[in-house]
Protein chains: 2
Amino acid sequence: MKDVSVGIDIGGTFTKIGIVDRQGNTLVDDSISTQIEGGFPAYIKYLSEKVKAMLSDFDVQLVGIGVGAPNGNYYSGTIEHAPNLKWHGVIHFSKAMQEYFDVPVILTNDANAAAIGEMVYGGAKGMKDFIVFTLGTGLGSGIVANGQLIYGHDGFAGEIGHTIVNPNGRVCGCGRKGCLETYVSATGITRTVYKLIADYMVDSELRGVSFNDLTAKMITEAAIRKDPLAIKAFEYTGEILGRKLADTVAHFSPEAIFLFGGLVKAGEYLLKPTKYQMDANMLSVYKNKVKLLPSALTDTNAAVMGASSLVWKEIEDKN
Amino acid sequence: MKDVSVGIDIGGTFTKIGIVDRQGNTLVDDSISTQIEGGFPAYIKYLSEKVKAMLSDFDVQLVGIGVGAPNGNYYSGTIEHAPNLKWHGVIHFSKAMQEYFDVPVILTNDANAAAIGEMVYGGAKGMKDFIVFTLGTGLGSGIVANGQLIYGHDGFAGEIGHTIVNPNGRVCGCGRKGCLETYVSATGITRTVYKLIADYMVDSELRGVSFNDLTAKMITEAAIRKDPLAIKAFEYTGEILGRKLADTVAHFSPEAIFLFGGLVKAGEYLLKPTKYQMDANMLSVYKNKVKLLPSALTDTNAAVMGASSLVWKEIEDKN
């Protein structure tokens, strides 16, 4: 019987579920609403029944469940005060799920799950020191050093998206100003497009789109169609990211930095200015040593795969 | 027979040597010139003979030699292109020393040695996630996560002193601008005193001192005597350090941050503004969780103790 893990990716609207083997093959995937009536107890019951039904179609051995969740705490298996979820306070997720399953339930935040996914299935196989930046609505970071994820003493390490790149910069959802994620993220680049429209007169198809309608996907596609303003928006984003990566390298001296998320589909429009500024601002001892790569997890199920990888990593660390 | 380790701290002018037991008691210490005639081969021979002579006075069992050196690389045991040493290129220190001794020789940079010293003998006993900042001529940082020092893939992680706090800021010895250590270090605070003399008219005993004569020790002593300009220089230093520490916490979420070095003798004049700015700029999830402490290694032999601690850490990790 084949060993499998279940990966669960919890978003504000949907929860995605996949059954994944050690090689990263997804046997089946599905999703449920995160906003189910009846609150967290009803949700966890429905989720567990769904997972059991999915498993029942296969002749497999479940070895563990991995969960990626906003504000997920690896140490306690809790989701703590996640602003995008309807469940308030501290949610004892792993404990609740273990009432339905007799296998380990391992939970962490989405970016940490992406980093372990990169190590188990993706481009970081065999690496002991690397960092994954997830460019989604916000900017998450999962940091691996000495072959281990850095969770910090309380489980909340890796918030590079909330380091400050400009003390007088853009207002951030966290209540402060100038956080990296206000520039480098899907929402960051839409803010940048509007700033550039304000500052410049260059022609662009994006001038006809309201801020409410504008998405990072539209900007990415416009850049690929060589829209000059969209390209400039990626340059602006990459320059800020690149300067920050030079600082990141001075902390960790990683072998590679991976970029994950929809914005990375812009390819060289994002990578080139990022790499240029990273190299230009880097301390000489690190120069030409650090790879900057798009994530190798390009599957639409990448977040689920990241979650499922937590299980394999845990098993392999114990052996 | 008592187990002991030898700690060696290599500076540009002097090399300090100590024989230290597991509890952190220094049985004896001494020093030799780092600039001995005959280059590195003559130096390593003289150093080894000195260590053997020191050991011969005690009925002890040598279990290892720990070395703290500028640009020291833990993985290879080499000192690489250290600007303050007369030996050029890559020096195979550990290998050379092992021709004289049949025990492990463990080498890393001074700040990493200070971090392990804090964990083995000092205020970080039992901690798994903490950071030590050494405020000397420059600013070094030794980072421990998951109970392990972060060396990075090439052995050169932990250069937080060379993260950029102001892209248009002070020229740094590394060839870039605005590095943290141009503000927060012994030389940084002397530059700050001169900036404040230029900007303000407040009275100060330091106005009579040339830049060449001015030392961080003089500024520290002036602050303790309540010299208003010296106190302002510590405030300026602490504010820049505190803002940076908020970012550092967002990377590592450490249990504590320790400050080490002569500047820390200014006590609250440095710690108060640092803590204030660290808390004011910190992401809410970390607030009131991270201790900011002076190093508990206040001994004049602290650097030697840090070096010697590398041996105990290595032995304990193997067991």
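Observations on the model:
- Among the candidates A:Glu255, A:Glu181, A:Glu239, the residue that is within 19 Å of A:Leu135 (Cα to Cα), touching a strand residue (DSSP E or B) at 6+ places or on another chain (Cβ under 6 Å) and not hydrophobic (A, V, I, L, M, F, W, C) is uniquely A:Glu181.
- In region A:196-226, the residues that are out of contact with any Asp or Glu (no Cβ under 8 Å at 6 or more places or on another chain), assigned to a helix (DSSP H, G or I) and surrounded by fewer than 21 Cβ atoms within 10 Å (Cβ to Cβ): A:Leu196, A:Ile197, A:Ala198, A:Asp199, A:Arg207, A:Gly208, A:Lys217, A:Met218, A:Glu221, A:Ile224
- Summed over region B:159-195, residues that are more than 7 Å from chain A (Cβ to nearest Cβ), surrounded by 24 or more Cβ atoms within 10 Å (Cβ to Cβ) and not in a helix (DSSP H, G or I) total 4.
- Each residue in region B:1-31 was checked for being over 13 Å from B:Ala53 (Cα atoms) and among the hydrophobic types (A, V, I, L, M, F, W, C), and 7 pass.
- Breaking point among (1) crowded, with 22+ Cβ neighbours inside 10 Å; (2) under 25 Å from B:Ala302 (Cα atoms), for B:Glu268: (1)
- Set side by side, the residues B:Lys313, B:Lys232, B:Lys265 differ, and just one is outside any loop (DSSP other than H, G, I, E, B), closer than 16 Å to B:Ala216 by Cα and at pLDDT below 95, which is B:Lys265.
- Total residues in region A:132-147, condition outside any loop (DSSP other than H, G, I, E, B) and within 10 Å of another protein chain (Cβ to nearest Cβ): 3
- Selection of region B:248-278 for residues being within 14 Å of chain A (Cβ to nearest Cβ) and free of Cβ contacts under 8 Å to residues at least 24 places away in the same chain yields only B:His251.
- Of all the criteria given as (1) more than 19 Å from A:Gly72 (Cα to Cα); (2) surrounded by fewer than 24 Cβ atoms within 10 Å (Cβ to Cβ); (3) under 17 Å from the mean Cα position of the chain (by Cα), the one not satisfied by A:Tyr100 is (3).
- Any chance B:Val285 is out of contact with any helix residue (DSSP H, G or I) (no Cβ under 7 Å at 6 or more places or on another chain), in a helix (DSSP H, G or I) and surrounded by fewer than 23 Cβ atoms within 10 Å (Cβ to Cβ): yes
- Criterion (at pLDDT 95 or above and within 14 Å of another protein chain (Cβ to nearest Cβ)) met by exactly one of A:Ile106, A:Ile150, A:Ile91: A:Ile150
- Residue count for region A:288-310, restricted to those that are closer than 27 Å to A:Thr15 by Cα and in a loop (DSSP other than H, G, I, E, B): 7.
The values are calculated or read from the model by the stated rules, or taken from the named source; none is laboratory data. These numbers were taken from a predicted model, which means no experiment stands behind them. Glycine also receives a Cβ, built like all others from the backbone with ideal geometry; neighbour counts cover every protein chain displayed.
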